[in-house]
Amino acid sequence: VLEIADNAYTRRFGGDRVIRSDVLHPFSGNPRATLVADLGTGEGIVSDRFDCIICTQTLQFIFPVQKAVESLHQLLKPGGVLLATVPGISQISREDMELTGDFWRFTTESITRLITPVFGQADAVEAYGNVDAATAFLHGVAAEELDSTALNYRDSQFQVVIAAVARKSV
């Protein structure tokens with residue numbers, strides 16, 4: 001499994017079922033990184049190496065976003081799966097804006113159009129959010145402070161987070 005910047009999700013959800021956990025970082029100096037590569041340029045990208053890539057809340061920080069999707073595809077072994085999340089309704093990350101840039105917000109339609117030319121199709125693209133979740137998120141209200149029934153309701157007009165699953169053909 002390859003994860004971006006750290007392997008928190010791999011450890012949390014994969015546990016002892018994961019044989020190997022790698023971390024990609026765009027700059028040297030991250031002690032957790034096992035692969036230094038640039039998704040946006042393809043520099044340092046290796047081919048057919050990972051069964052799974054977990055790419056959470058990353059693509060919005062890469063200006064050549066289509067190239068980033070191509071790099072993720074290249075990293076996957078045939079039959080490998082990409083698990084990605086991207087922001088829909090969201091505030092700007094000032095820290096990332098100053099470091100590398102903060103360029104994109106997505107919809108289910110835009111992420112489908114990014115994935116389809118590279119993977120052939122997405123296995124799933126789903127939006128999570130509603131007006132209450134979007135408002136709370138923009139005001140910095142923690143999920144634990146909200147009624148879970150209201151939080152779990154999905155309204156396609158208020159796409160706060162978009163999740164995508166795509167598999168590299170064999």
Mind listing whichever residues of the range 138-156 are surrounded by 10 or more Cβ atoms within 10 Å (Cβ to Cβ) and of a type outside the set (D, E, K, R)?
L138, V141, A143, L146, A150, L151, N152, Y153, S156
Among the residues of the range 102-123, is any in contact with a Lys or Arg (Cβ under 8 Å, 6 or more places away or on another chain) and exposed (fewer than 15 other Cβ atoms within 10 Å of the Cβ)?
yes
In the range 82-141, residue farthest from D51 (Cα to Cα) [restricted to those that are among the small types (G, A, S) and assigned to a loop (DSSP other than H, G, I, E, B)]
G140
Among strands (runs of 3 or more DSSP E) entirely within the range 1-80, at least 2 residues that are over 23 Å from R94 (Cα atoms) occur in 22-25, 50-56
Here is a list of conditions, (1) in contact (Cβ under 8 Å) with a residue 24 or more places away in the chain; (2) among the acidic types (D, E); (3) under 21 Å from F61 (Cβ atoms), and D123 meets all of them except one; can you say which number that is?
(3)
Which count do you get for residues in the range 1-37 that are in contact (Cβ under 8 Å) with a residue 60 or more places away in the chain and open to solvent by 50 Å² or more (accessible area, probe 1.4 Å)?
1
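The values are calculated or read from the model by the stated rules, or taken from the named source; none is laboratory data. Quick caveat: nothing in here was measured; it's all calculated off a predicted structure. When we count neighbours, we look across all protein chains shown, and the Cβ atoms used for this are built from the backbone with ideal geometry, even at glycine. The accessibility values were calculated without ligands, DNA or RNA, using every heavy atom of the protein model including side chains. Shrake-Rupley method; radii C 1.70, N 1.55, O 1.52, S 1.80 Å.
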